[in-house]
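Read through the structure below, which is laid out as structure tokens, and then see the notes.
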Amino acid sequence: MVTYVFEGGMKRVLVVGAGLQGLARAVHKHLAKNQVVILEKRERIGGRGTSQEVHGFQLEHGPHLLLKGGPLHKMVKKVSKVKPSLWPIRPQKIMIAGHGLLYPMNSPKELLSLKMGQDPIRDDALRLISGWGQDIPERRKALLKGKLCVVGEGWSGLVGRLASSLEEVGVPIQPSCEVTEVREDGVTLANGVRIPADEVIMATGKPKGKPVKVSTLDIVLDNKPLDGLHGIIKGEVAIIDLAAIHPLKSQGNSHLSCISLEGGIDAIEALLDERVSGWRSHILVKRANKSITLTDSEGGLADARM
Ligand SMILES: Cc1cc2nc3c(=O)[nH]c(=O)nc-3n(C[C@H](O)[C@H](O)[C@H](O)COP(=O)(O)OP(=O)(O)OC[C@H]3O[C@@H](n4cnc5c(N)ncnc54)[C@H](O)[C@@H]3O)c2cc1C
């Protein structure tokens, strides 16, 4: 049974959910001199910021790019002794199938038309890579300035950094605690236990409005078929080679992290068949997710708000 004795004089804050948002909000609340407890319904923490280790390779749920200098990056740097290792994805190394490079540096005419907003195919492609289809001007600018980055340790590494800093300062993270009711004076758990609180922060990952669902496929191949490119785009499908971007990812191989806004896994596999010939016979490990919610409780991506 869960029971917490809060010290007198401090505000009692319960954070519901131990995903990136919950952990980051808990750090904030702790720094503001509150007494904080995190309740998580699953046995493991991290929510969608998880990875699965298969034969020594870290496979996540599709590609994640961290906004360098954004609130999540700042928070992780604040709680860490060693900075996370970030390498930027380069728009001049992303190929739009049938249209040329996303940022055509060697073609002044195409570059001018992109800059003047007269190239709808490149505009859509920029939106796809910068916000996975969401229109987020800050991330779009960051992509062009080399500030959207692959994180060497992955999204789960960021989760681990936040969780261990909370552990160091004594903020408990209680797994297997599903909150079923939020009351004025606290919460009730699925097993009926009531926990009192002065403030309850919901960080359960429930999207605002209609959830944006995407499909993802992550594969490590024992060859390098993209020949140094960082990615390939066609319509609403993107294939990103994390190993071409970050030297710590799957050295000597390619680590294709793919996302499809529409068309599911079939659309991803169709683009792989078209552009990455023979990929099926080079697979070392594979992780597919037919439907995963992209947006968070604010209706956007995670790293611009904390
Ligand atoms: C393919 C893909 C690519 C993405 N790319 C990016 C990117 O490039 N940049 C970016 O910033 N974001 C990206 N995101 C979004 C980012 O992954 C999510 O916004 C972020 O992980 C959500 O964190 P969260 O803590 O809000 O929710 P979650 O990770 O969903 O965590 C919520 C937690 O709450 C727990 N919970 C739920 N209900 C209860 C309850 N009743 N009681 C107790 N616990 C509960 C859950 O078990 C879970 O652990 C991407 C997402 C996807 C799917």
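The values are calculated or read from the model by the stated rules, or taken from the named source; none is laboratory data. Small disclaimer: the values here were computed from a predicted structure and weren't measured. Note: ideal-geometry Cβ built from the backbone for every residue, glycine included; neighbour counts use all protein chains shown.
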Which condition from (1) of a type in the set (Val, Ile, Thr); (2) away from the ligand (no atom under 15 Å from the Cβ); (3) at pLDDT below 95; (4) under 30 Å from ILE268 (Cβ atoms) is the one that THR50 breaks? (2)
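Taking segment 53-77 on its own, how many of its residues are away from the ligand (no atom under 14 Å from the Cβ) and in contact (Cβ under 8 Å) with a residue 40 or more places away in the chain?
Within segment 53-77, the first condition is being away from the ligand (no atom under 14 Å from the Cβ), and the residues that meet it are 53-58, 77.
Adding the requirement that they be in contact (Cβ under 8 Å) with a residue 40 or more places away in the chain leaves 54-55, 57-58.
Within segment 53-77, residues that are away from the ligand (no atom under 14 Å from the Cβ) and in contact (Cβ under 8 Å) with a residue 40 or more places away in the chain number 4.
How many of the residues making up segment 277-303 are farther than 18 Å from LYS206 by Cβ and either modelled with pLDDT under 95 or in contact with an Asp or Glu (Cβ under 9 Å, 6 or more places away or on another chain) (or both)? Working first, answer last.
Filtering segment 277-303 for residues farther than 18 Å from LYS206 by Cβ gives 277-290, 303.
Imposing the further condition that a residue be either modelled with pLDDT under 95 or in contact with an Asp or Glu (Cβ under 9 Å, 6 or more places away or on another chain) (or both) reduces the set to 277-280, 282-289, 303.
Final tally of qualifying residues: 13.
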Scanning segment 259-306 for residues that are in a loop (DSSP other than H, G, I, E, B), basic (Lys, Arg) and within 16 Å of PRO63 (Cβ to Cβ) gives none
Scanning segment 136-159 for residues that are modelled with pLDDT of 95 or more and among the small types (Gly, Ala, Ser), which turns out nearest to LYS29 (Cα to Cα)? ALA142
Picked from segment 16-47 (must be within 8 Å of the ligand (Cβ to nearest atom) and on the phi > 0 side of the Ramachandran plot), the residue surrounded by the most Cβ atoms within 10 Å (Cβ to Cβ) is GLY17
Given the conditions (1) closer than 22 Å to ARG122 by Cβ; (2) surrounded by fewer than 22 Cβ atoms within 10 Å (Cβ to Cβ); (3) not charged (D, E, K, R), every one holds for VAL285 apart from (1)
Positions within segment 1-19 being at pLDDT 65 or above and not hydrophobic (A, V, I, L, M, F, W, C), in sequence order: GLY9, LYS11, ARG12, GLY17, GLY19
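Does SER281 satisfy the criteria of being touching a Ser or Thr at 6+ places or on another chain (Cβ under 9 Å), free of Cβ contacts under 8 Å to residues at least 60 places away in the same chain and among the hydroxyl-bearing types (Ser, Thr, Tyr)?
On the way: touching a Ser or Thr at 6+ places or on another chain (Cβ under 9 Å): no; free of Cβ contacts under 8 Å to residues at least 60 places away in the same chain: yes; among the hydroxyl-bearing types (Ser, Thr, Tyr): yes.
So SER281 does not fit the description; no.
For TRP155, indicate whether it is assigned to a strand (DSSP E or B), touching a residue at least 24 places away in the same chain (Cβ under 8 Å) and closer than 30 Å to PRO225 by Cα.
Details: assigned to a strand (DSSP E or B): no; touching a residue at least 24 places away in the same chain (Cβ under 8 Å): yes; closer than 30 Å to PRO225 by Cα: yes.
Spelling it out, it is not the case that TRP155 is assigned to a strand (DSSP E or B), touching a residue at least 24 places away in the same chain (Cβ under 8 Å) and closer than 30 Å to PRO225 by Cα.
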Considering only residues of segment 235-277 that are touching a residue at least 60 places away in the same chain (Cβ under 8 Å) and of a type in the set (Asp, Glu), which is surrounded by the most Cβ atoms within 10 Å (Cβ to Cβ)? GLU236
Of all residues in segment 208-229, how many are within 16 Å of the ligand (Cβ to nearest atom) and closer than 20 Å to GLU60 by Cβ? 9
Of GLY154, GLY205, which residue is within 9 Å of the ligand (Cβ to nearest atom) and surrounded by 14 or more Cβ atoms within 10 Å (Cβ to Cβ)? GLY205
